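Notes follow the structure.
The values are calculated or read from the model by the stated rules, or taken from the named source; none is laboratory data. Keep in mind it's a predicted model, so treat the numbers as computed, not measured. Heads up, the Cβs are rebuilt from the backbone with ideal geometry, glycines too, and the neighbour counts pull from every protein chain shown. What goes into the accessible areas is simple: the full protein's heavy atoms, side chains included, and nothing from ligands, DNA or RNA. Shrake-Rupley method; radii C 1.70, N 1.55, O 1.52, S 1.80 Å.
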Amino acid sequence: RERWGQIISLPPSIAKLKAVRSVKLYGSHLVRIPPEIGEMESLESFDPYTSRRLHWYPYEITRCKALTYTR
């Protein structure tokens, strides 16, 4: 739990997660999402609720064809 606040970016290897359908980042300290998120073929839901340091999504997220929900 104490290391949760130290995570400010997701690794580019997130692209390898082809079967993930939902990403919930409630209260994360993320500053950026890597553009490789666009390679997540099954991503349906992306919820960065209360991730206050995250100010933008990478354009590549529009390549997630299954994405139907984002907050």
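The modelled label-to-label distance for the pair Ser13/Glu60, using points 7 Å beyond Cα in the direction of Cβ, is 1.6 nm.
The charge dipole of the chain, taken about the Cα centre with unit charges on the Cβ atoms of Lys, Arg (+1) and Asp, Glu (-1), comes to about 180 debye, rounded to the nearest 20. Computed from backbone phi with θ = phi - 60° and the Karplus coefficients 6.51, -1.76 and 1.60, the 3J(HN,Hα) list for the stretch 35-47 is x, 5, 4, x, 8, 7, 5, 9, 4, 10, 9, 10, 10 Hz; x is used for glycine and proline. The H on the amide N of Thr70, modeled in the peptide plane, is under 5 Å from the matching H of Phe46, each at least 5 residues off or on a different chain. Length gained on full extension, Thr50 to Gln6: 14.2 nm, using 0.36 nm per residue less the C-alpha separation. Expressed as a whole percent, the accessible surface of the chain that belongs to carbon and sulfur atoms is 54, based on a 1.4 Å probe. Once Kirkwood radius over Cα pairs in Å is calculated for the structure shown, the corresponding label among (1) 12.3; (2) 12.6; (3) 15.1 turns out to be (1).
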